[in-house]
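Undergrad: Sending over a structure as structure tokens; questions will come in a sec.
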């Protein structure tokens, strides 16, 4: 298959999207592919959904490959970047989307539940960002987009570990942006609000109405709403946007 190109002369940019076998990550992978990116589709367990994402991209005329790794493990982060670079040539765009939850009240939260969420959501994102920066700085072009959450801005009972990890991502975004933005590399975050998913579909009607009542837009977001925001931050159009957190929440949190 011929590699898609952004212009007649320039090769397509390469994006690695973690946690992109389903949901928001899959929507982001599909959106970036539709805009001409070669896409690395990452999964942790269950290769089949990742291959389905790859198949959808290829059916639309794009190029993609699937990579399995547990981003909570330093060695897996190193291997993931090495394999993606070997197969796709380089990494121009990194979207840190992979994340887990282990919800419970803080007084009941076990150390393992705290550490597992921080290791995946925050430490894994840091290690992958660190790993791609050398190539981006050498090329004097790169985009890192970290997927945070509106709960990082407002807190949420029963999610001390998850909120801390996502708030840490926002701080990491700002610090990295100050370090690298003078060399053509931008680092930004998106903070999704209530996004339609299998989980929101299982909410009771009363709970759905209660949540919807908090959203000025009057609806849950779609994964594609977030994907388009990520794609903007990954584009040349966002060259002068860095260190920012873009909330995609229908107005739930207004700063």
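The values are calculated or read from the model by the stated rules, or taken from the named source; none is laboratory data. Since the structure is predicted, the reported quantities are computational estimates derived from the model, not experimental observations. Quick reminder, even Gly has a Cβ in these numbers, built from the backbone with ideal geometry, and neighbours come from all protein chains shown.
Undergrad: Please state which one of 144, 57 is under 21 Å from residue 39 (Cβ atoms) and part of a strand (DSSP E or B).
TA: Among 144, 57, only 144 is under 21 Å from residue 39 (Cβ atoms) and part of a strand (DSSP E or B).
Undergrad: Taking residue 168, is it in a helix (DSSP H, G or I), touching a helix residue (DSSP H, G or I) at 6+ places or on another chain (Cβ under 6 Å), surrounded by fewer than 23 Cβ atoms within 10 Å (Cβ to Cβ) and in contact (Cβ under 8 Å) with a residue 40 or more places away in the chain?
TA: yes
Undergrad: For segment 79-112, which positions are outside any loop (DSSP other than H, G, I, E, B), in contact with a helix residue (DSSP H, G or I) (Cβ under 6 Å, 6 or more places away or on another chain) and more than 16 Å from residue 66 (Cα to Cα)?
TA: Within segment 79-112, 106 is the sole residue that qualifies.
Undergrad: Go through segment 154-165 residue by residue and tally those that are surrounded by fewer than 19 Cβ atoms within 10 Å (Cβ to Cβ) and either in contact (Cβ under 8 Å) with a residue 60 or more places away in the chain or in a helix (DSSP H, G or I) (or both).
TA: Qualifying residue count for the region: 2.
Undergrad: Determine which member of the set 117, 132 is farther than 19 Å from residue 46 by Cβ and out of contact with any strand residue (DSSP E or B) (no Cβ under 8 Å at 6 or more places or on another chain).
TA: From the options 117, 132, the qualifying one is 117.
Undergrad: Pull up segment 133-151, narrow it to residues that are under 19 Å from residue 241 (Cβ atoms) and touching a helix residue (DSSP H, G or I) at 6+ places or on another chain (Cβ under 6 Å), then point me to the one that is surrounded by the fewest Cβ atoms within 10 Å (Cβ to Cβ).
TA: The extreme case among them is 140.
Undergrad: Could you look through segment 48-63, keep only residues that are surrounded by fewer than 24 Cβ atoms within 10 Å (Cβ to Cβ), out of contact with any helix residue (DSSP H, G or I) (no Cβ under 6 Å at 6 or more places or on another chain) and in contact (Cβ under 8 Å) with a residue 24 or more places away in the chain, and pick out the one that is nearest to residue 132 (Cα to Cα)?
TA: 63
Undergrad: Look at segment 175-197 and say how many of its residues are over 14 Å from residue 132 (Cβ atoms), outside any strand (DSSP E or B) and in contact (Cβ under 8 Å) with a residue 12 or more places away in the chain.
TA: Going through segment 175-197 one residue at a time, the tally reaches 7.
Undergrad: I would also like to ask the following. Do we have any residue at all in segment 97-107 that's over 24 Å from residue 225 (Cα atoms), surrounded by 18 or more Cβ atoms within 10 Å (Cβ to Cβ) and touching a residue at least 12 places away in the same chain (Cβ under 8 Å)?
TA: No, because not a single residue in segment 97-107 is over 24 Å from residue 225 (Cα atoms), surrounded by 18 or more Cβ atoms within 10 Å (Cβ to Cβ) and touching a residue at least 12 places away in the same chain (Cβ under 8 Å).
Undergrad: Among the residues of segment 205-232, how many are at pLDDT 90 or above and either part of a helix (DSSP H, G or I) or farther than 14 Å from residue 193 by Cβ (or both)?
TA: Residues that pass the stated criteria total 11.
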